[in-house]
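In what follows, a single structure is set out as structure tokens and then discussed.
Derivation of every value follows stated rules applied to the coordinates shown; laboratory data play no part. It should be emphasised that the depicted structure is a prediction, and the values quoted were computed from it without experimental measurement. Here the Cβ positions follow ideal geometry from the backbone for every residue, glycine too, while neighbour counts run over all protein chains shown.
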Amino acid sequence: MNAPVSPAETLRAALAGLLDGLPPKAAAQAVDRLIANYRGTTPTDTPILRDRADVAAYAAYRMPATFEAVRAALDAFADVVPEWAPGSHVDVGGGTGAATWAVNATWPGERPVTVLDWAEPALVLGRELAAASPQLRSAEWRRARIGAQLALPAADLVTVSYVLGELTEDGRAAVVDAAVAAGRAVVIIEPGTPDGYARVIAARDRLIGAGFSVAAPCPHSATCPIVPGEDWCHFSARVSRSSLHRQVKGGSLAYEDEKFSYVAVTREPVAPVASRVVRRPQIRKGQVLLDLCEVGGGLRRSTVTKRQGLLYKAARDAEWGDGWPPAG
Ligand SMILES: C[S@@+](CC[C@H](N)C(=O)[O-])C[C@H]1O[C@@H](n2cnc3c(N)ncnc32)[C@H](O)[C@@H]1O
């Protein structure tokens with residue numbers, strides 16, 4: 001019997017077929033155009049993803065990375081609420097649907113799913129890709145513009161993945177407020193840059209102000225201890241590179257690391273981790289250095305030495321983004 005295929009593998013296979021038939025040069029040019037557009041002045045008044053070539057390039061080039069980043073954020077959230085799984089999901093600015101695949105990877109099973117975006121070609125392609133997933137086949141792909149008029153259907157989980165950076169300040173407030181009104185839990189993901197982090201923190205403040213509790217990554221719902229401008233909270237997700245990636249970016253590395261910032265909040269009671277590893281752990285001879293964000297609201301470096309036995313073993317296995325200390 002064949003092993004069950006994971007959502008990540010199904011998505012990869014669906015994406016692999018996407019650029020079939022396009023000459024490699026045309027695919028690379030579409031990606032170049034996309035990157036140039038994303039470097040331009042955003043927010044824009046009209047969608048950046050305008051046609052099939054744009055969305056195919058986006059899906060083939062960026063979707064594996066946004067999928068892995070969202071999945072990593074959702075996995076951290078799920079660890080904090082092990083008894084909970086979303087019974088319904090709304091993805092705002094969902095584009096080609098990376099977050100719907102990630103939700104499915106973290107919480108397998110069928111649920112009502114609605115994807116909203118203003119770019120029709122993205123929705124069309126997202127629906128086509130979703131046909132490869134038994135759990136996503138019934139998802140609804142609907143056109144909607146983020147703005148003061150935005151009203152979302154009520155859902156257990158609302159995701160906003162790599163969208164805030166394309167919006168004006170008013171647009172960012174509007175999408176967060178719409179998520180507040182509709183969701184039991186809200187997860188926001190942005191690129192792991194100082195600007196992405198700043199947008200996440202502004203959204204986090206707004207969500208806490210509306211009565212949500214932070215489940216991850218923060219061990220608390222108090223003010224973030226990072227001094228703006230000095231540092232930024234971000235994490236890293238490993239992404240296998242496709243042949244298109246290698247073609248566009250050159251080199252032969254089999255993977256690359258997607259840096260992302262995120263916040264996951266809920267209206268349910270939560271007991272977040274006591275502290276979280278906020279940098280890649282540094283392994284030295286006989287010791288591991290862990291940079292932690294702690295429940296008291298502070299940042300601290302902890303040195304775990306060989307003499308600490310089991311804790312040292314755990315520290316050697318600890319990864320950037322993990323809760324600390326490990327359960328048990
Ligand atoms: C970088 S893509 C992210 C797509 C997807 N969420 C992901 O994680 O891969 C940003 C998405 O936001 C959508 N978007 C940007 N501004 C929007 C607006 N004002 N209203 C609705 N959708 C918008 C874009 O069309 C695009 O699909």
Check your understanding: Could you work out the helix-only [θ] at 222 nm for the chain, with each DSSP H run of four or more residues adding -39,500 (n - 2.57) and the total divided by the number of residues, to the nearest 500 deg cm²/dmol?
Key -> -11000 deg cm²/dmol
Review point. Considering the dipole of region 275-324 built from charges on the beta carbon (Lys and Arg +1, Asp and Glu -1) around the Cα centre, which of Gly309, Gly323, Gly297 is farthest to its positive end?
Key: Gly309
Review point. Computed on alpha carbon atoms, what radius of gyration and Dmax characterise region 275-324, expressed in Å?
Key: 10.1, 30
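Quick one: how many lysine pairs does the chain have with C-alpha atoms less than 30 Å apart and a gap of 8 or more or different chains? Give me the count, please. Don't jump to the answer; show the numbers that get you there.
Numbers: Lys25/Lys249; Lys25/Lys259; Lys249/Lys259; Lys259/Lys285; Lys259/Lys313; Lys285/Lys306; Lys285/Lys313.
For the chain, qualifying lysine pairs total 7.
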Exercise for review: Relative to the longest principal axis of the C-alpha atoms of the chain, give the angle of the C-alpha long axis of helix 120-130, reported between 0 and 90° and rounded to the nearest 10°.
Suggested key: 70
Check your understanding: So how far, in whole Å, is the C-alpha centre of region 140-166 from the one of region 56-135?
Key -> 13
Exercise for review: May I ask you to sort Asp317, Asp45 by Cβ crowding, counting other Cβ atoms within 10 Å and putting the fewest first?
Suggested key: Asp45, Asp317
Study note, to complete from the structure: Exposure proxy check on Ser275, Ser243: fewest-to-most Cβ neighbours within 10 Å is Ser243, Ser275
Review point. What does the highest-first list of 111-121, 129-139, 89-99 look like by mean Cβ count within 10 Å?
Key: 89-99, 111-121, 129-139
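Using alpha-carbon pairs under 8 Å, 6+ residues apart, how would you state the relative contact order of region 275-324 in percent? Can you show the working numbers first?
On the way: 89 pairs, mean separation 20.7, N = 50.
Here the relative contact order equals 41 percent.
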**Study point:** Value of relative contact order over region 7-266, rounded to a whole percent, pairs C-alpha under 8 Å and six or more apart
**Key:** 20
Practice item. Just the number, please: percent antiparallel of the DSSP beta bridges in region 7-266, rounded to the nearest 5. Key: 45
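Can you tell me the order of 27-33, 223-229 when each peptide is scored by its average per-residue count of other Cβ atoms within 10 angstrom, highest first? Show your work: numbers first, answer last.
Numbers: 27-33: 18.6, 223-229: 12.9.
So the order, starting with the most tightly packed, is 27-33, 223-229.
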Practice item. With a 10 Å radius around each residue's Cβ, average the other Cβ atoms per peptide and rank 54-61, 290-297, 80-87, 160-167, highest first. Key: 54-61, 160-167, 290-297, 80-87
Check your understanding: Sorted from fewest to most neighbouring beta carbons within 10 Å, what does the list Leu311, Leu244 look like?
Key -> Leu311, Leu244
